[in-house]
Structures are given as structure tokens and as C-alpha cells.
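The values are calculated or read from the model by the stated rules, or taken from the named source; none is laboratory data. Here the structure is a predicted model, which means the values were calculated and not measured. Neighbour counts are summed over all protein chains in view; Cβ atoms, including those assigned to glycine, are modelled from backbone coordinates with ideal geometry. Side chains are part of the model used for accessible areas, which takes the heavy atoms of the whole protein and leaves out ligands, DNA and RNA. Shrake-Rupley method; radii C 1.70, N 1.55, O 1.52, S 1.80 Å.
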Amino acid sequence: MTGSPVATRRSILGLMAGGAAGLASGQAGALRLDEEITAGTIECAEPLFSVSYTDEERAQIVRTMEGWSDRAEALRAHARPNTLAPAQHFDPRLPGRNWREQDSGVHGTPGTVPALPPSAEDIAYAPVWQQAGWMARGELSSVELTQIYLDRIERHGASLECYITVAAEHALREAALRDSERAAGRVRGILHGIPYALKDIIDVADLPATWGATPYSDRVAERTAVVATRLAEAGAVLLGKTSVGALAYGDIWFGGVSRNPFNPREGSSGSSAGSASATAAGLCAFSIGTETLGSIVSPSHRCGTAGLRPTFGRVARTDAMALCWSLDKIGPITRHVADTAFVLAAINGADAGDPASFDHGFACDFGRDLSGLRLGYNPQWLEQGSELDRQALEIARSLGVEMVPFEVDTLPYAALLLQLEAEAAAAFEELSLSGDDARLRWQDDAAWPNTFRRARFISGVDLVNADRLRREVMVMMDERISGLDAVMGPNFAGNMLLITNFTGHPQLALRAGFQSQPTRTLFGAPADESGETFEVPYATSLWAPLFEEGTLVTLGHAIESRIGAAGRRPALFS
């Protein structure tokens, strides 16, 4: 090995080589801030990138490293708040395609509003549209409904570890205002007076906004996120902020582990962990979640809620924590599919603070004739899924839809995760460089601290090529779903969760029934060897072309109604 050393501070290649050398010698983190980069440093790093250089090439790299590393150091030293998005932003709309314009609005009704039940529990678990109907008839006030939820939070919230902040005084004050407005003839819409919970990565001015993470546990928001402002304008009443797996991953947060109401021995999955848990346990009328890669779908699957992940860009994320600018999405979590339409209608739309957001109408018609809809399915996915998935598909068939075989290409989809890891590591680089990542509770191999450190080893070349693969996947998915109204299958089958998060297509997870399961880890493996099982919810999924959430809701509502499992409550919280 030859080449003259160049003294430099901590550079990317230096960090790589130091890590590799440290691992080889059993001394992780052996690189000093003033360590020299030599041709040997370069050679040591080469296996990480599947490259092999000659001695002359290594020497040439070393000669040019000083200015290069200085630029990288200057970049790291420059302040970049989490709110600063990259100049390049993702757009799921492929050029040359015509997207169906929609008149915004929810039309028709999901059903007939029954008489107000005498039980506070029955009122708490009722669908939003029924609660709204009781308020419209003067049988229920917002203050009464808000107090019902606050009482339930006081009784059950601690055992589920699903709320980080409960804003009781704020909620009752807002509920009283909504009742006064209704008495004066001003009703803002179906969400007027409806109490909800907000995932604690979405800011509300003057309330704690902890992101579920120890380093930010004292953080208080200075601004209110656009999605929270829109819900307030729609008349919804904020109960509080729900727990979130730290920095939007998993169900472990600085104060505990969000629990599944149907088996509190296990976590609720994540990262919209508290939102799904609180909704399933009747501790709010609905909640707001976010998804980067499964954070609405996965907790909805485990807790039995209806989770709607909208088309990327449909809902502005201004003043919500950024994890991955090209992947983050905000959507509703409810107990009944129909309610997702009313919430999405309220939060839909672009905002200048989110450069990746855009305006596109959202329409949902509960009176729509579903016969003749073209529904894609994959027989192999269903064979690998649950009997509940197959039963749900047969129910869809009974609605008169046309069943169309569906498949996706074989591509290296897992390589797309390079982009997720790089963006997340960039969003929270300060934690890695300062060592504050050690303060996060979850420190397993799969947790953020290790992922952020590993992401330093992603080459810029590989990152660009991952983005090119993403475009290839977008084109493939556009071609495969073209001519279909929806696709149905198991939530995690066929890479569809990964594919559609990266292409921006919407997904709806809905309760398909119940099955016996042992207490599970975050990733679904048995958490112990006791053999004890619990009856827990199981979800199946619908996907649709971009902007066709209305189809997902109307079809999902019809399927849910025929399955008849959405009304079952967790016994410990009933």
C-alpha cells in the first residue's frame, strides 16, 4: 500500500474506514477526529462498496481528499432544522398521465343513525358518523362526548401507555365552543364537536411535541401543524397527543411501550402506536397517524382499526416531524372504515410549507354501485395469507365486482430501503454525530441508532441508483394497476406495502376478523414460549390507483359491513 497521508478531520471515508478497522481489531469507533487518511484507509473501506482500486488509484484519491472532506465537514457543521426539506422532492404523478379530476365531498351516508344508546361505553365506541348524527339531533353534546373520552383515558390510558399528553382543559374548552356554535346555527361539518387524538410527531402550538424520543421529551411546539389546523377548522376537538415509537419507528417511546388493547402484554406495533391503541380501546372518536413504511397499516393490523394511508402528497405535512421527506404521509385511523372518508376530507390538500404536497379533490360516494368494479387479486398471495384474507375476498366477490388476476414484477425491492435509511439518517444526523442517539430507549440491531450509523456507509452512487430503481417501480406499478379500481390481498404480501409506499399509492387496512395468536414482538414473532394465545384482530388490505381513496372507502365499508367484525371490542376496555 502506497500513498502520502493527508491529515484531515472526520470525513465520510475516514468514518467508514475507522469503523471497518475498529471492527477488524475489535475496537469499534477507533477513529480519532484527527486521524490521517492513507491509501490503506481507502483499501480498508473498499469491500463496503464492492470496489477494488489499484495502489495508484488509492494514492490519487488520498491526494484529493483534503478539500473534499473539508466540504463535507462544512456541510455537517451547517445548521439544518428538521423542517428544512431537500430541494428535490418526490412526486408520485408520472409525466404524461392524466389523473381523473374529482369534485371534493363525501356523498351519501354509511347507514341510518340509531337512537342514542344509554351507555357511555356504547357512545364511545360508536362510529363518528353516528356520534355526529346524535349531535345534530340534539341528543348528545360535544362536552358530553369529550368528557366520556376523558373519563376513559383516565381509567385506561396509563395501562395502554397510549397517550403522552392529555389536554383535558383545552379539550373541554373547545368542546364548549363547538356546542355554542351549534346552538347559534354554525355547524362546521360532520366532525363538528368530535374528539380526536393526534400522533405526537404533529405539532400543536404550546403543547408538548416529543416525537416519542428521550432527546426531545421536553420539546414544546411553537407552531400548529396544518393538519391540526384543518381539523380545528372542521370543528374537531383535540383530546391530546398519542404515543409514538421514538422518531416514528416501532411502539417503544421514552415513557413506555404502547399496548394492544386486545392483548396488552404485547406492543401495539407502530409507529402510529398510541393512535391505533387509543382508537381501538375507545379512548377517542378517531385519531391521526403517519406512515413512512407501515406505520398506519401495521398498528391497524394489530389493533383492529381501519387505517387509511392516502396518496403521497395529498395531505400537507407542514409542521409535522420529518423522517423521510419522500415517503412520509399523514392519514386517519378509525374504528370503522366509513369514518376515514370524513377525516380525509377535512385534512386533504396542499400547503406552501410542504413542497411535496399538491391539491387534488377527494370524493367518496356511499351510494355508489360497486357491481362491475375491477378488483385485482393474486392467488399466490392469498394462499400464503390467512383464511380471513380469503373470506374477505369472497365477500368482495359477492358484491358483484369483477375479479382480475394481478401480479407485480420481480425486482430488487429491498434496495429501495437505502433511500429510507439515508433520508432518516439525514433528518436526525445531529443525534448520531453528538452521541445523543444513545439516549433512545430502543437500542437493538433493528433500531434507529444502529440504522442511522449504518446509513453513513451508503454511497452517493448507490443512493442515486436506488432512486432510479424507484422510478422503475413507479412505472411498473402504474402499468399493473392501470384499468383496475382496486387490488385486494394480505397487508404484507407480495412486497405491496413496500412498493406502494415508495410509489405513493394509497392503502386501506380493514378488520377482517379475529384469530388466535401468541403474544408477539414488534416484528410478529412469538415473544415467549408459554404457548398461551389470545384472540386478536386481523386486517386485510385494499390498494387503489393514485387519488382513488374514495373507491377504497366505499368498497372497504361494504366489505367491513358484511364481515361484521368491526364492532367487537377489547374485553379489558369494555
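Kindly check whether there is at least one residue in the range 565-574 that is in contact with a Ser or Thr (Cβ under 8 Å, 6 or more places away or on another chain), under 17 Å from ASP339 (Cα atoms) and of a type in the set (A, V, I, L, M, F, W, C). Checking the range 565-574: not a single residue is in contact with a Ser or Thr (Cβ under 8 Å, 6 or more places away or on another chain), under 17 Å from ASP339 (Cα atoms) and of a type in the set (A, V, I, L, M, F, W, C). Taking the range 555-574 as the range and being among the polar types (S, T, N, Q) and open to solvent by less than 10 Å² (accessible area, probe 1.4 Å) as the test, no residue passes. Among the residues of the range 64-108, write down those that are of a type in the set (Asp, Glu) and under 24 Å from ASP354 (Cβ atoms). Selection gives ASP91, GLU101, ASP103. Taking each residue of the range 490-510 that is on the phi > 0 side of the Ramachandran plot and looking for partners that are part of a helix (DSSP H, G or I) and aliphatic (A, V, I, L, M) with beta-carbon atoms closer than 9 Å, six or more apart or interchain, yields ASN495/ALA414; GLY504/MET474. Checking each residue in the range 386-413 for being open to solvent by 70 Å² or more (accessible area, probe 1.4 Å) and free of Cβ contacts under 8 Å to residues at least 40 places away in the same chain picks out GLU387, ARG390, GLU394, ARG397, GLU402, PRO405, THR410. Can you find a residue in the range 32-51 that is under 25 Å from ASN465 (Cβ atoms), modelled with pLDDT of 50 or more and part of a loop (DSSP other than H, G, I, E, B)? Yes, the conditions are met somewhere in the range 32-51.
Every residue in the range 334-359 that is open to solvent by 20 Å² or more (accessible area, probe 1.4 Å) and of a type in the set (A, V, I, L, M), please. The answer is ALA345, ALA346, ALA350, ALA352. When the range 51-100 is filtered for residues that are β-branched (Val, Ile, Thr) and touching a Phe, Trp or Tyr at 6+ places or on another chain (Cβ under 9 Å), only ILE61 remains.
Close contacts from the range 61-74, counting a first residue that is farther than 14 Å from ALA45 by Cβ and a second that is open to solvent by 20 Å² or more (accessible area, probe 1.4 Å) and in a helix (DSSP H, G or I), with Cβ to Cβ under 7 Å and a gap of 6+ residues or different chains, come to ALA72/ILE12.
GLY376 meets all of the listed conditions (1) surrounded by fewer than 24 Cβ atoms within 10 Å (Cβ to Cβ); (2) touching a residue at least 40 places away in the same chain (Cβ under 8 Å); (3) assigned to a loop (DSSP other than H, G, I, E, B) but one, namely (3).
This table checks each residue for (1) closer than 28 Å to ILE123 by Cβ; (2) charged (D, E, K, R); (3) at pLDDT below 95.
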site: GLY460; (1), (2), (3): no, no, no
site: ASP467; (1), (2), (3): no, yes, no
site: GLY494; (1), (2), (3): no, no, no
site: PRO526; (1), (2), (3): no, no, no
site: GLU529; (1), (2), (3): no, yes, yes
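Summed over the range 414-456, the residues that are part of a loop (DSSP other than H, G, I, E, B), open to solvent by less than 60 Å² (accessible area, probe 1.4 Å) and not basic (Lys, Arg) give a count of 6.
Can you tell me which condition VAL464 does not meet? The list is (1) open to solvent by less than 70 Å² (accessible area, probe 1.4 Å); (2) under 22 Å from LEU293 (Cα atoms), and all the others hold. Just one mismatch for VAL464, condition (1). Hey, could you check the range 252-273 for residues that are charged (D, E, K, R) and open to solvent by 10 Å² or more (accessible area, probe 1.4 Å) and say which is nearest to SER159 (Cα to Cα)? Applying the filter and picking the extreme gives ARG259. Mind checking whether some residue in the range 356-364 is touching a helix residue (DSSP H, G or I) at 6+ places or on another chain (Cβ under 6 Å) and part of a loop (DSSP other than H, G, I, E, B)? Yes: one or more hits. Of the residues making up the range 302-323, those that are more than 15 Å from SER357 (Cβ to Cβ) and not in a strand (DSSP E or B) are ARG302, CYS303, GLY304, THR305, MET321, LEU323.
Assessment of the range 533-546 against the conditions (modelled with pLDDT of 95 or more, open to solvent by less than 60 Å² (accessible area, probe 1.4 Å), out of contact with any Lys or Arg (no Cβ under 7 Å at 6 or more places or on another chain) and polar (S, T, N, Q)) yields at least one matching residue. Of everything in the range 522-552, what is in contact (Cβ under 8 Å) with a residue 12 or more places away in the chain and part of a strand (DSSP E or B)? Give them in sequence order. Matches in the range 522-552: THR533, PHE534, GLU535, VAL536, PRO537, TYR538, ALA539, THR540, SER541, LEU542, TRP543. Count, please, the residues in the range 318-330 that happen to be under 21 Å from GLY550 (Cα atoms) and either surrounded by fewer than 24 Cβ atoms within 10 Å (Cβ to Cβ) or out of contact with any helix residue (DSSP H, G or I) (no Cβ under 7 Å at 6 or more places or on another chain) (or both). Counting residues in the range 318-330 that are under 21 Å from GLY550 (Cα atoms) and either surrounded by fewer than 24 Cβ atoms within 10 Å (Cβ to Cβ) or out of contact with any helix residue (DSSP H, G or I) (no Cβ under 7 Å at 6 or more places or on another chain) (or both) gives 2. Suppose we keep only residues that are under 28 Å from the mean Cα position of the chain (by Cα) and open to solvent by less than 50 Å² (accessible area, probe 1.4 Å) within the range 86-122. Which one would you say is modelled with the lowest pLDDT? So the residue we want is GLN102. Given the conditions (1) free of Cβ contacts under 8 Å to residues at least 24 places away in the same chain; (2) in a loop (DSSP other than H, G, I, E, B); (3) open to solvent by less than 30 Å² (accessible area, probe 1.4 Å), and given that TRP134 satisfies all but one, which numbered condition is not satisfied? Among (1) free of Cβ contacts under 8 Å to residues at least 24 places away in the same chain; (2) in a loop (DSSP other than H, G, I, E, B); (3) open to solvent by less than 30 Å² (accessible area, probe 1.4 Å), the lone unmet condition for TRP134 is (2). The residues listed here are VAL487, VAL473; of these, the one that is in a strand (DSSP E or B), modelled with pLDDT of 95 or more and open to solvent by less than 10 Å² (accessible area, probe 1.4 Å) is VAL487. Scan the range 259-301 for residues that are part of a loop (DSSP other than H, G, I, E, B) and small (Gly, Ala, Ser) and the total you get is 10.
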